[in-house]
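Take a look at the structure below.
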Amino acid sequence: MDLIITKKELAFQNEEKAKREAELINAYAELKKTEKYISSQNDEKIKRAAELAIANRELIFQNDEKEKRAVELVIANSKLKKTQENLQEYILGLEKMMFMTSHKIRQPIAHILGISNLLDESINSLEEIKKMVGYLKQSALSLDSFTIELTEFMCALKQK
């Protein structure tokens, strides 16, 4: 009878063992599925990390290019401002030259024309003629002096 009880107990333990074995097999299968899922997730993460690394390198490259362009723009802007300043100075020089031409050239020419009109109208004495020739000479020298001044001014303006 002990044998029967032992046999039953052994059969019960075998059934329990079989149940546990089935549970372990199921747990092992679930573990394998989970490992496979985790492995695919890891592969996906590695893939995304590689894509992010490529995108990051591209962003770094683009940022470097933008910084280079910004430096180029600053240099170009500086050159443009300098050009604008030079142009403004040149325009002021041209305006000054126009003023000089209209005033300093016109005055000696007006004197020469006035003296020539006086010579046409009346010739009273040699002394008056000498006086008028002196005025003509003075106006011509003034005109010559201004011509030299204007030439120097234009050369200086051109060099700027």
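Split the accessible area of the chain by element, probe 1.4 Å, and carbon with sulfur accounts for 62%.
Computed 3J(HN,Hα) for region 149-157, one whole-Hz value per residue from the Karplus formula 6.51 cos²θ - 1.76 cosθ + 1.60 where θ = phi - 60°, is 4, 5, 4, 4, 4, 5, 5, 5, 5, glycine and proline marked x.
The distance linking region 94-108 with region 12-44 is 106 Å (Cα centroid to Cα centroid, whole angstrom). With 22 Å as the cut-off, how large is the P(r) tail for region 1-83, expressed as percent of Cα-Cα pairs? Here the long-distance tail beyond 22 Å is 68 percent of all Cα pairs in region 1-83.
Tell me which lysines have Cα within less than 20 Å of Lys104's Cα, excluding those fewer than 8 residues away on the same chain? Here the lysines satisfying the reach criterion relative to Lys104 are Lys96, Lys137. The string of couplings for region 66-75 from the Karplus curve (6.51, -1.76, 1.60, θ = phi - 60°) is 5, 5, 4, 5, 4, 4, 4, 5, 4, 5 Hz, one whole number per residue in order, with x for Gly and Pro.
Principal semi-axes of the equivalent ellipsoid, √(5λ) from the alpha carbon gyration tensor of region 55-138, are 70, 8, 5 Å from largest down. Straight Cα distances below 23 angstrom link Lys45 to the lysines Lys32, Lys33, Lys36, with same-chain residues fewer than 8 positions distant left out. Entry comment: accessible area of the chain is 87 Å² per residue, from protein heavy atoms only and a probe of 1.4 Å. Under conditions of 10 °C and 1.306 mPa s, the chain yields 59 µm² s⁻¹ as its translational diffusion coefficient, taking Rh as the Kirkwood radius over Cα pairs in the Stokes-Einstein equation. Remark: region 38-45, residue by residue, has Karplus-estimated 3J(HN,Hα) of 5, 5, 5, 5, 5, 4, 5, 5 Hz, where x stands for each Gly or Pro and the curve is 6.51 cos²θ - 1.76 cosθ + 1.60 at θ = phi - 60°.
The values are calculated or read from the model by the stated rules, or taken from the named source; none is laboratory data. Remember, it's a predicted structure, so these values are computed and weren't measured experimentally. The accessibility values were calculated without ligands, DNA or RNA, using every heavy atom of the protein model including side chains. Shrake-Rupley method; radii C 1.70, N 1.55, O 1.52, S 1.80 Å.
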